[in-house]
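K.L.:
One structure coming up, written as structure tokens, with questions to follow.
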Amino acid sequence: MINHIIELVLDESNWLPFAMLVSIVTVAVSVGRPRSQQLSSRLRVLWGMNLFFGCMIGIMAVGHLLAVSIKASQGTLDPSRLPLYLLYPIGVLLLIPAWWLVGIVGRFPEGEWAVGKKVRALNVWLGLFLALLGLHNLPLAVPAGLNLAYQFHARRAVGWTILAIASAGYLMLFVGSLIFMASGQSFEQFTGAE
């Protein structure tokens, strides 16, 4: 049983679909809460987009740290790809801002401007950091840019367009993650890098 759980944790193809499912359930459950009902429709959409993104990246960062820890303890970590002293900080530098984003999006009713500045800063950090980690992370970094675009839009049609693009992007990302999971390959094999 424990070996099966370890295999699931170490299988990188499981984390994105799992993170996305938990994120959508979190947003769906949270929408009905009284605190979210106080928000205008614009803030509710912004709140949902940021909650989904933060939760998704936060869960994946937890998965990264768990996998690195297990592989390090088993002695199966390949130091030629990235040394251990870099793998932990990468996980932490995603984990903290992602969960911070999740934590502060619930404070939108208290003051849009003060909270909005923090939300923007966290989206910029997560988006840039994911993009700097490599081109293969761009699909995970793009939602940060869409969150920022939605926060600054001035016309209703633009807001709906950004939301439609974000929703379609998440759907494509989820379908792609399911195809990756069904392939049974490592990320390198799946992308043709190996």
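Bear in mind these aren't lab numbers, they're just calculated from the coordinates by the rules spelled out. It should be emphasised that the depicted structure is a prediction, and the values quoted were computed from it without experimental measurement. All Cβ positions, even for glycine, are placed from backbone atoms using ideal geometry, and neighbour counts span all protein chains on display.
K.L.:
Which is farthest toward the positive dipole end of the chain among M60, W99, M172, measuring Cα position about the Cα centre, with Cβ charges +1 (Lys, Arg) and -1 (Asp, Glu)?
P.N.:
W99
K.L.:
Could you work out which residue, out of Q74, Q151, Q38, moves most in a Gaussian network model of the chain, that is, has the largest mean-square fluctuation with Cα springs under 10 Å?
P.N.:
Q74
K.L.:
Rounded to two decimal places and with Rh computed the Kirkwood way over Cα pairs, what is Rg over Rh for the stretch 2-184?
P.N.:
0.99
K.L.:
With an 8 Å cut-off on Cα pairs and a minimum separation of 6 or more residues, tell me the relative contact order of the stretch 2-184 in percent. Show your work: numbers first, answer last.
P.N.:
Details: 158 pairs, mean separation 43.4, N = 183.
Once normalised by length, the contact order is 24 percent.
K.L.:
Right, another one. Over the chain, with a Gaussian network built from C-alpha contacts below 10 Å, which listed residue (S177, S167, S23) shows the highest mean-square fluctuation?
P.N.:
The residue that fluctuates most here is S167.
K.L.:
Take the chain, connect every pair of alpha-carbon atoms lying under 10 Å apart with a spring to form a Gaussian network, then pick out the residue of N147, N14, N123 with the largest mean-square fluctuation.
P.N.:
Result for the chain, Cα springs under 10 Å: N14 fluctuates most.
K.L.:
If you stretched the chain out fully between N137 and V31, how much longer would it get, using 0.36 nm times the residue separation minus the C-alpha to C-alpha distance?
P.N.:
35.3 nm
K.L.:
Sticking with this one: Calculate the spin-label point distance for A121 paired with F152, positioning each point 7 Å from the Cα along the beta-carbon direction, and give it in nanometres.
P.N.:
1.8 nm
K.L.:
Helix-derived [θ] at 222 nm for the chain: sum -39500 (n - 2.57) over DSSP H runs of at least 4, divide by residue count, nearest 500?
P.N.:
Mean residue ellipticity at 222 nm (helix-derived): -27000 deg cm²/dmol.
K.L.:
Further question: To the nearest 20 Debye, how big is the dipole of the chain about its Cα centre, given +1 on the beta carbon of each Lys and Arg and -1 on that of each Asp and Glu?
P.N.:
1020 debye
K.L.:
Would you mind checking the stretch 89-103 for residues with the amide N under 18 Å from a putative spin-label position 7 Å along Cα→C-beta of I70?
P.N.:
Of the residues in the stretch 89-103, 91-92 have backbone N under 18 Å from the label point off I70.
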